[in-house]
Amino acid sequence: MKIFGITGQKNSGKTDLAGRLIAAFRDRGLLVSAIKHSHHPADVDIEGTDSFHLRAQGARQVILSTPARWALMTELHAAAEPMLTDLIAHLEPCDLVLVEGYKTAPHPKIECHRPETGTPLLGAGYGIVAVASTGRPTTDLPLLSHDDTQAIADFVWSHAATLRYQP
């Protein structure tokens, strides 16, 4: 499996780019998995459902299985948030893992940038190997158009790191 990250400031287009890249890689016949990090609490389960009730009663893990999909929910119950490598260990083998967030993790990343937000580039120290922007910011890194999905996909594939993780 290969790994590549998408990072950037708030409202820089990270999720939009991640979604377009997933579609582009699927069109190329590749299997892609995604990991999204959020600094805010989020709930993927709906209050009132049976699975929500089981978690609310204290279950550490709940698997919800349907004919269309299954989901594993794990409650941390005050335990530390898992490391990215721990989360990757739960993924089935695939061609590429796209990671949104985890900007301090060591895998290579592309930074999304929209000058209209008024926020600067993140700068050095985050493993950023290119910038995808709607403008022309000053950078020594390769600069790609945020809207050129195919060019970004080519760049990501050629610069993705091979995961050293062995299950």
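The values are calculated or read from the model by the stated rules, or taken from the named source; none is laboratory data. From a predicted model like this one, the values you see are computed outputs, not experimental measurements. Backbone-built Cβ (ideal geometry, glycine too); neighbour counts: all protein chains shown.
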Within segment 41-74, can you find the residues that are under 24 Å from D86 (Cβ atoms), surrounded by fewer than 10 Cβ atoms within 10 Å (Cβ to Cβ) and modelled with pLDDT under 85?
P41, A42, D43, V44
Is it the case that segment 136-143 has a residue that's in contact with a helix residue (DSSP H, G or I) (Cβ under 9 Å, 6 or more places away or on another chain), part of a loop (DSSP other than H, G, I, E, B) and farther than 19 Å from G5 by Cα?
yes
For segment 85-100, indicate whether the set of residues that are touching a His at 6+ places or on another chain (Cβ under 8 Å) and surrounded by 15 or more Cβ atoms within 10 Å (Cβ to Cβ) is non-empty.
yes
Take segment 89-121 and flag every residue that is farther than 28 Å from A71 by Cβ and touching a helix residue (DSSP H, G or I) at 6+ places or on another chain (Cβ under 6 Å).
P108
Residues in segment 32-40: is at least one modelled with pLDDT of 95 or more and more than 20 Å from K103 (Cα to Cα)?
no
Within segment 128-167, can you find the residues that are touching a Lys or Arg at 6+ places or on another chain (Cβ under 9 Å), under 15 Å from S12 (Cβ atoms), among the hydrophobic types (A, V, I, L, M, F, W, C) and buried (at least 18 other Cβ atoms within 10 Å of the Cβ)?
I128, A130, I152
Which of (1) among the β-branched types (V, I, T); (2) in a loop (DSSP other than H, G, I, E, B); (3) in contact (Cβ under 8 Å) with a residue 12 or more places away in the chain does I35 not meet, given it meets every other one?
(2)
Testing T15 on (1) β-branched (V, I, T); (2) closer than 26 Å to A124 by Cβ; (3) in contact with a Phe, Trp or Tyr (Cβ under 7 Å, 6 or more places away or on another chain), one condition comes back false. Which one is that?
(3)
Any residue in segment 119-127 that is in contact with a Leu (Cβ under 7 Å, 6 or more places away or on another chain) and surrounded by 12 or more Cβ atoms within 10 Å (Cβ to Cβ)?
no
Could you tell me how many of the residues in segment 1-22 are touching a helix residue (DSSP H, G or I) at 6+ places or on another chain (Cβ under 9 Å), of a type in the set (A, V, I, L, M, F, W, C), under 15 Å from C94 (Cβ atoms) and not in a loop (DSSP other than H, G, I, E, B)?
3
Residue pairs meeting the criteria (Cβ under 9 Å; at least 6 apart or on separate chains; first touching a residue at least 40 places away in the same chain (Cβ under 8 Å) and among the aliphatic types (A, V, I, L, M), in segment 74-101; second assigned to a loop (DSSP other than H, G, I, E, B) and surrounded by fewer than 12 Cβ atoms within 10 Å (Cβ to Cβ))
A89/P167
